[in-house]
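The values are calculated or read from the model by the stated rules, or taken from the named source; none is laboratory data. As the structure is a prediction and not an experimental result, all values here were calculated from the model. Glycine gets a Cβ as well: all are built from the backbone with ideal geometry, and neighbour counts include every protein chain shown.
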Amino acid sequence: MKQREYPENPDCPLTDQEKEELNRNLEDLEAECYFPFQHSSGGFSDATVYAVDEYEVKVEIKYGIDGEVEYTDTITIERPS
């Protein structure tokens, strides 16, 4: 499993359980975005959490073929209340 760093928010930190579930979901997301580029040399997919608040986790995913094409999407994941 990929080692990820999460932004710190002292007002509403992510629990260890949330981090584990988020890791699994981000791995699945990266695999799904990488799939169309898997047979291309330089294919990549990388998801990064860039913001956390008490209601949401914001994720940026970059994927494509290194040096040729790059796509960027942002995703918002709701935290359980």
Checked the range 13-65 for anything charged (D, E, K, R) and in contact with a Cys (Cβ under 7 Å, 6 or more places away or on another chain); matches are D53, E54
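To keep it simple, each residue is scored yes or no on (1) surrounded by 11 or more Cβ atoms within 10 Å (Cβ to Cβ); (2) within 14 Å of R79 (Cα to Cα); (3) modelled with pLDDT of 95 or more.
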position: E5; (1), (2), (3): no, no, no
position: L14; (1), (2), (3): yes, yes, no
position: E18; (1), (2), (3): yes, yes, no
position: D28; (1), (2), (3): yes, no, yes
position: A31; (1), (2), (3): yes, no, yes
position: P36; (1), (2), (3): yes, no, no
position: H39; (1), (2), (3): no, no, no
position: G42; (1), (2), (3): yes, no, no
position: S45; (1), (2), (3): yes, no, yes
(Q) With the structure loaded, tell me whether T72 is touching a Lys or Arg at 6+ places or on another chain (Cβ under 9 Å), surrounded by fewer than 14 Cβ atoms within 10 Å (Cβ to Cβ) and without any contact (Cβ under 8 Å) to a residue 24 or more places away in the chain or whether it fails that test. (A) yes
Residues in the range 57-68 that are within 20 Å of E20 (Cβ to Cβ) and exposed (fewer than 14 other Cβ atoms within 10 Å of the Cβ) total 0
